[in-house]
Amino acid sequence: MADDHLARLLFDGPVGSGRYTPTAGARVRLTGRDEVLDAIVHLHEVHHCALNDGTAWGVLLHALARVPGRPLGDFLDVARKTHETFATYSSTKTVEAHYGPSHGVLDAYPAYAPLHDGMTALLAGVQGANRKLTVVTALARVCMQSPVLEFAVDRGVDAISLADVRAVDLPDRRWARLLAGGPEMARRVAETADDATASTFGRALLDADIGGEGLNVTSAAEHDEHWRTWEIAAYDAVRHELPGTAVLDYAGHREGAAAVTALVPGLRLRGVALDEPALDDHELRAAIIQQMAHDLQEREHIPSRVVSLPVDRLVAAVAATTVINGVPHLFVDVRQSAALADEYDWTGPPPGDGPVVVVRLVDTDGAVLHRVVNTIAELHEVADEWGYRGPVVCCVTTSCLADARWRDAWLPELPGVNAVLVDVEAERFLPGWRAGGTLVRATRLSLDDPARAAVVVLVLRLEGNRHPWFAVGDRITTTLLLDQIRASLGAAFTESALPDAEVEEARAAALHLLHTESYVGFTGLEERG
């Protein structure tokens, strides 16, 4: 989108960086040099996603981002302080709860330290890591639950402007009013939530949190209902701190969100339809994974161009340049044309429509060259010319496998081993595995590339299938994916070390990605804004 750099939330520093836009979701660029800071950057962007997806103002940002020419930047600017404070404090404290206190953890991100310190001061009278985090969530949600979606529905998303919204309903105005209440306000909110839940759940969990018990205990899945009830009570208490403002109920955005979603082509949000149950924590994690992308390069988009090399020259060039551990490799990549258009900074038009079959190589200037293979006969010609120079790995994305017409025609003809790159949300394929009783084994690999030490490869081996599946992300994303797959497949899933012979094609394909793709993510079947 035009002026995308102005309509994003950016967490930037010398160690790692992240950015969030309502159209593209979150992208992180991690170094792997500091696990704690990598986790903070990742979770910072996760909290941006969660706040936008679950509030009226956030849903409006999603809608505006998909309507050309609308004032997305204006609406984002008046929520920036709310968003950044919530994401900074929540990510930092969540990571500290797991890794232990880390003095100066935000030294690499000095612009965000005042946001963190201000929130720490506000919560001085609130004890317990989970109580503090949940109060901050309630504060941010109240600020973002303005009755703005009704304007979008009544006037049309293409006609709404910031002038339609009362000043008291702007998120950052609300945020400033709440913070003016000081530590006493935060203490009142927490105590009100304690009183509202203790009669039903007792005080044992609250006392454990206040007493310093770790988040791994107090926020375990069996306590979800307790904390959800506590959060709603805290939310209602925060509402009462803003007399004269129109604050929606905790889930009061859903009716407007469903109406706006129906009006905007390409806008797909989970858990907003009135006949759809609210997302549980498992579904929320899946939604967050789907929005998270990982940069593989220092720049957002690698320069790229399409070339028309004859097959003999193509094979000679690949054999000379695409070498892993001294062995030439031929990679045949299959990608959706929309993904290719988004991945690169193209000189000339990007290739194709629908699944595109290409052979890639890196030019001396760093540009990624795409030689499109237009027919199955030409693919056979490339494979025959390659002969026995080295392994042939066909890296096919799951979004391309979902195209039945392409799959039926091309998949049986692909030479070598197919390494299937997961580029869609796992719920697109897990139900089929579950219904078929498919046994799945998994392992995680770190790649021998110091410049990309944060990259983790999750390799999946399916019983009876010689082709490995793999996903690329960081430690947090791959852990969440493992948890999601384990929860879905149960006893049919195991995680263990796999023999080298079962992971070598996926490892090679992942190393190939590190040098030829700008980023990896899980939106392969989503419309791109």
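The values are calculated or read from the model by the stated rules, or taken from the named source; none is laboratory data. Bear in mind the structure is a predicted one, so any value in this text is a computation, not a measurement. Heads up, the Cβs are rebuilt from the backbone with ideal geometry, glycines too, and the neighbour counts pull from every protein chain shown.
Overview of results
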item: Within the stretch 431-446, tally of residues that are modelled with pLDDT under 95 and surrounded by 17 or more Cβ atoms within 10 Å (Cβ to Cβ); result: 1
item: Subset of the stretch 24-33 [surrounded by fewer than 19 Cβ atoms within 10 Å (Cβ to Cβ) and either free of Cβ contacts under 8 Å to residues at least 12 places away in the same chain or β-branched (V, I, T) (or both)]; result: T31
item: Helices (runs of 4 or more DSSP H) contained entirely in the stretch 118-223, each with at least 2 residues that are hydroxyl-bearing (S, T, Y) and either in the same structural domain as Y250 (by TED's automatic domain parsing) or surrounded by fewer than 16 Cβ atoms within 10 Å (Cβ to Cβ) (or both); result: 129-144, 182-201
item: Residue in the stretch 230-261 that is modelled with the highest pLDDT, counting only those that are among the hydroxyl-bearing types (S, T, Y) and within 17 Å of C143 (Cβ to Cβ); result: Y235
item: Qualifying residue in the stretch 34-44 (condition: surrounded by fewer than 17 Cβ atoms within 10 Å (Cβ to Cβ) and either over 21 Å from the mean Cα position of the chain (by Cα) or not assigned by TED's automatic domain parsing to the domain that holds T137 (or both)); result: no
item: Extreme residue, nearest to the chain's Cα centre (by Cα), among residues of the stretch 486-502 that are hydrophobic (A, V, I, L, M, F, W, C), at pLDDT 95 or above and in a helix (DSSP H, G or I); result: L489
item: Some residue of the stretch 371-383 being hydroxyl-bearing (S, T, Y) and touching a residue at least 12 places away in the same chain (Cβ under 8 Å); result: no
